[in-house]
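Okay, so here's the structure we're looking at.
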Amino acid sequence: MTVLTNKMYEIFDQEEFSFKKLKVNKTPEEIDTIKQEFKGVWQIWKTVQLNVAEQLPTGKFAKVHVESWTNGWNLRDHFWASYRLTSLADYNPCIGVMLDKKQLQVYLMFQYYKSDKRQGTVSEYNTLLTDISKWGSSLDISNWYLWDKNEMEFSNHLALAEYLSDYEKKTQFDQEAIKSSFLLGKFAFRDHDNVDNMEKFIIEGINDLIPLYEKLS
């Protein structure tokens with residue numbers, strides 16, 4: 001059981017993430033301290049994801065992918081991991097888990113990065129929009145949101161509750177989302193949501209998304 005602390009959010013509060021630019025205003029010792037702080041929180045993050053992977057149904061998911069805390073040139077401004085069903089291991093859709101300075105989120109997405117090396121088209125993925133209403137009808141939808149690929153990371157997304165109850169908003173969202181792709185996820189916000197058990201929060205989010213995600217297999 002891992003508590004999501006404010007310190008884990010705080011490392012993303014800095015204005016600069018580029019090593020090249022950090023070197024302009026920071027001493028080597030200060031940069032080393034920043035690196036150690038990032039790596040320390042990332043080690044916790046990685047352990048959480050490995051714990052989650054161990055608790056998911058045996059054989060149902062492929063090996064979890066935990067993105068590194070740096071890409072070589074920059075510190076990450078968020079930490080990310082992805083989970084794929086074994087039956088969809090080489091497909092573009094996946095369940096992403098992300099921590100940034102504002103929130104922890106577990107969400108269904110179409111991964112565009114290196115998408116030409118995996119199977120599954122955007123149009124096939126977007127057919128899930130027609131299943132969301134039925135899927136969400138039996139779910140506790142508090143803190144669930146939808147957004148499309150072109151929305152900024154820190155934008156205020158459309159609440160799933162509004163999407164399910166307001167036909168006009170649903171129609172408008174669907175029309176915009178099919179131009180790119182949609183994302184659907186459960187959020188815990190830094191400002192007002194305590195997460196005393198990160199593993200539990202992530203596992204519950206993944207399990208809630210599985211019935212929708214499985215429709216692609």
**Prompt:** On average, how much accessible surface per residue is there in the chain, in Å², for a 1.4 Å probe, leaving out ligands, DNA and RNA?
**Reply:** 54 Å²
**Fill in**
What helix-only [θ] at 222 nm does the chain give? Using -39500 (n - 2.57) per DSSP H run of at least 4, over all residues, to the nearest 500, the answer is -11500 deg cm²/dmol
**Message:** Using the basic label-point model (7 angstrom from Cα toward the beta carbon), what is the Arg118 to Glu162 distance in nanometres?
**Reply:** 2.9 nm
**Prompt:** Taking the Cα centre of the chain as origin and charging only Cβ (+1 Lys, Arg; -1 Asp, Glu), how large is the dipole, in debye to the nearest 20?
**Reply:** 700 debye
**Message:** Give me, ordered by chain and number, the residues 5 or more places off Asn74 or on other chains with an amide H under 5 Å from its own placed amide H.
**Reply:** Phe19
**Request:** Give, in whole angstrom and from largest to smallest, the semi-axes √(5λ) of the equivalent ellipsoid of the chain, with λ running over the eigenvalues of the Cα gyration tensor.
**Result:** 30, 19, 18
**Request:** Within segment 159-174, which residues have the backbone N less than 17 Å from the label spot 7 Å out from Phe189 along Cα→beta-carbon, could you tell me?
**Result:** 159-163
**Message:** Could you check the spin-label model distance between Val24 and Lys60? Points 7 Å from the Cα along Cα→Cβ, value in nm.
**Reply:** 4.9 nm
**Request:** Work out, step by step, the length gained on full extension between Glu204 and Glu15: first 0.36 nm times the residue separation, then minus their alpha carbon distance; give nm to one decimal.
**Result:** 64.8 nm
**Prompt:** So how much accessible area does Lys114 have, in Å² to the nearest 10, using a 1.4 Å probe?
**Reply:** 100 Å²
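Please work out how much length the chain gains when fully extended from Thr70 to Ser137, using 0.36 nm per residue of separation minus the C-alpha to C-alpha distance, in nm with one decimal.
Details: separation 67, 0.36 × 67 = 24.12 nm, distance 3.96 nm.
Separation in residues times 0.36 nm, less the Cα-Cα distance, equals 20.2 nm.
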**Message:** As I understand it, the value is the acute angle between the Cα axis of helix 28-55 and the longest principal axis of the Cα atoms of the chain; what does it come to in degrees, rounded to 10?
**Reply:** 30 degrees
**Prompt:** How large is ³J(HN,Hα) for each residue in segment 203-208, as worked out from phi by the Karplus curve 6.51 cos²θ - 1.76 cosθ + 1.60 (θ = phi - 60°), to whole Hz, x for Gly and Pro?
**Reply:** 4, 4, x, 4, 4, 5
**Message:** At 1.4 Å probe size, with the rest of the protein present, what percent of the exposed accessible area of the chain is carbon and sulfur atoms?
**Reply:** 49 percent
**Asked** Relative to the longest principal axis of the chain, what angle (0 to 90°, nearest 10) does the C-alpha long axis of helix 167-177 take?
**Response** 60 degrees
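The values are calculated or read from the model by the stated rules, or taken from the named source; none is laboratory data. Keep in mind the model is a prediction, meaning the values are calculated, not measured. Note that each Cβ is placed from the backbone with ideal geometry, even for glycine, and that neighbours are counted across all protein chains shown. Side chains included, ligands, DNA and RNA excluded: accessible areas come from the protein's heavy atoms. Shrake-Rupley method; radii C 1.70, N 1.55, O 1.52, S 1.80 Å.
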